[in-house]
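The values are calculated or read from the model by the stated rules, or taken from the named source; none is laboratory data. From a predicted model like this one, the values you see are computed outputs, not experimental measurements. No Cβ is skipped: glycine too gets one built from the backbone with ideal geometry, and neighbour counts run over all protein chains shown. Keep in mind that these areas ignore ligands, DNA and RNA; they rest on the heavy atoms of the full protein, side chains included. Shrake-Rupley method; radii C 1.70, N 1.55, O 1.52, S 1.80 Å.
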Amino acid sequence: MKALVRDYLASLRERDELDAVLPELLGELGFHVFSRPGRGTHQLGVDVAAIGKGDDGKDAVFLFSVKPGNLTRQDWMNDTPQALKYSLEEALQVYVRNRLPVQYRKLNVVICIVIGGEVHEHMREHLRAFIEQHESDRISFQEWDGDHLAELVLRGLLREEILPAELRSSFRKAIAMLDAPEVSIQHFTHLVRSLLGMDKSQKARLRVARQLNICTWILYVWARSIDNIETPYRASELTLLCTWELVRRSINSKGAPDKSLDGVLRHTIELHLNIARAFVDKITPHVNVMHGVSAATESRSALDVNLALFEVLGRIGLWGLWMHWLHSNAAEGADVYRGNIDNAVATGIKLIRNNPALLLPATDQQTTDIALFLQLWLAESMDLAPVREWLGEMTGRLNYTVRTRGRYPSCSTDYAELDNHQSNRQDDEYFNEATAGSTLIPLTAAWLHALGETEAFDALAKLVKEKLDHCTLQLWFPDESSEPALYIGGEQHGRALTGLSLVHGGEALLTTIAEACNRTDSFQKLSPMNFGFWPIILVACHYYRLPIPPNLWIYPLLPQEHSSLPPAKKSPAKRKHPAKTAVSGVKRGANKATAERKSPSQQEVMRLTKETTVPVARKAPAKKKVPAKTRPRARDTSP
């Protein structure tokens, strides 16, 4: 474990990596951190500042100057302010004299030189000479190299009594199997679930949140070194959801432990976005090539390619929505977020155009990925043409495959069943079972009507009437049991809006869905909605393969003359509500849906029922052995 942690620390970069891990480690070791790394401010040679116990047992000020990797001559002394020697001189001459809080100015000062790796032998004399020159009765120095940091990590966050041998073994196996993501994520999931099942005290929750964060960091750094970030992407989603479960009761509280939990949540979101950005950056160069991403899946199976491509599209949509959330709350850096949003939309459109497999899903479960990208487009209200073209082509292919019993989407979630779909498709009993329920059809129909694609909507309605009259058209809503099952995983939670019909036209469909959203406030009561962290709901739907709740997309699709249904109640938090940010209005010719809604009409709506055919959790894998790279979701999708 020590070698594993030491190599991880040596691989960390300074900005947003090593200096992000250090405050959490110090907090677990009993330090009071009063200054963290910041952007846009001159650090004066100090990345982290904390109060801790000195060698004499008395309180002392610890000032940490962080440098990644090994300390070389170039890192020690060069012509830039990033040189370690320059940072230490600034800390001594400016920070200690002018920036220390008044209450700490009489305390002794310990300047800690934090190095992710080791000090090269030829630099040891330079460092020793500098320390001897500047040491005094009040000021002392400590060297925290990779070995020392690894010891602190194992003594603090990962010590034996809170991370037993069994869990350490699971963690090591997760890292060892990074080249087999399905196996690796199983071991990591076991680690996460075991940690969540431990002591539920506030102090324990803070410790577990920190452990999850650092374990995910270690997993990511090792995966980055072998250029395969599939496992850390999935692990970061799980870590973020479980961290939310740990901190949601303490958000915006004023106590010190509560603020520490808020800090861990922030760092976990940043880590997830770092991994997501790395994934999108890796995909982006290939979306301009016809069949480029399809070929990168390195599989001959059309099913594998289809599963992989929709997964990629969903991740791009989710990444863009996170950028939209950051943009809507940004005090600075808004232009950067805006550029990321535009790039995400453009990347998704190019992916669709150059990979025809995205013109029809293989399973109804992939409606989640479609909805995520549509949600991103809806947030930005960009050019209508690409979305119209995509959904129109999807409707045409759905019509053809159902009528000819071709590769129509199945409601199964089992890979073996999907793999055998082609051979069973002509059997009437199998057809009725494979098309027993659909979330794809009502979602597509709602969007087609909102986009003014009357001909495509009518073709879809005719298909349902003639060939799919047995199919239950449905959408999924969270209910009272969805908190906390939405974050930690629950086999049964949520409700389905069933019995949806296309017979009365698109306007009636939209109104029915909107009124159903207003018949229950369970969605608005979800903790991410209350505190303004609505992207976490999307992460949960993506990770657990749940349909995106229509509360997030239905109101802007309503025609203006029927926009009388209110959005979700405004969050008391400062963060903007998705009804006014992520769902900002879709252009419908000359009409534009507004965010202001009146009271709902009295039209009767379809009932909400617990008896849903919408899957709320992944089915257990079939007993048939399937090669890791061809399993459902085809997670290892990056080129």
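List of remarks:
- Packing-based order for 383-396, 534-547, 418-431, using average beta carbon neighbours within 10 Å, highest first: 534-547, 383-396, 418-431
- For the range 1-101, the alpha-carbon radius of gyration amounts to 1.12 times the rule-of-thumb value 2.2 N^0.38 Å expected for a compact globular protein.
- Rounded if a/c under 1.5, otherwise prolate or oblate - the range 370-428, Cα gyration tensor axes: oblate
- Database remark: amide H of N108 closer than 5 angstrom to the amide H of V61 (H placed geometrically; neighbours at sequence offset of 5 or more, or on other chains; Pro and chain starts carry no H).
- Distance from the Cα centroid of the range 315-343 to that of the range 347-421 is 25 Å (rounded to whole angstrom).
- For the pair the range 48-62 and the range 450-476, the centres of their Cα atoms are 68 angstrom apart.
- The range 138-201 - percent relative contact order, Cα under 8 Å, separation 6 or more: 22
- Normalised by residue number, the volume inside the convex hull of the Cα atoms of the range 295-361 is 77 Å³ per residue.
- When you restrict to C-alpha pairs under 8 Å that are six or more residues apart and normalise by the size of the range 24-139, the relative contact order lands at 26 percent.
- The order of the peptides 461-472, 20-31 by mean Cβ neighbours within 10 Å, most packed first, is 20-31, 461-472.
- Whether the range 379-523 is rounded, prolate or oblate, judged on the alpha carbon gyration tensor where a/c under 1.5 counts as rounded: oblate
- Anisotropy class of the range 415-500 from Cα gyration tensor, a/c 1.5 cut: oblate
- Subset of K85/K282; K259/K282; K53/K259; K67/K282; K350/K465; K465/K525 violating a 25 Å alpha-carbon distance limit: K85/K282; K259/K282; K67/K282; K350/K465; K465/K525
- Rolling a 1.4 Å probe over the protein chains gives D147 an accessible area of about 70 Å².
- When peptides 303-312, 274-283 are sorted by average Cβ neighbour count within 10 Å, with the highest value leading, the order is 303-312, 274-283.
- Using a probe radius of 1.4 angstrom, the carbon and sulfur fraction of the accessible surface of the range 302-397 is 52%.
- Percent RCO, i.e. relative contact order, over the range 224-361, from Cα pairs under 8 Å lying at least 6 residues apart: 23
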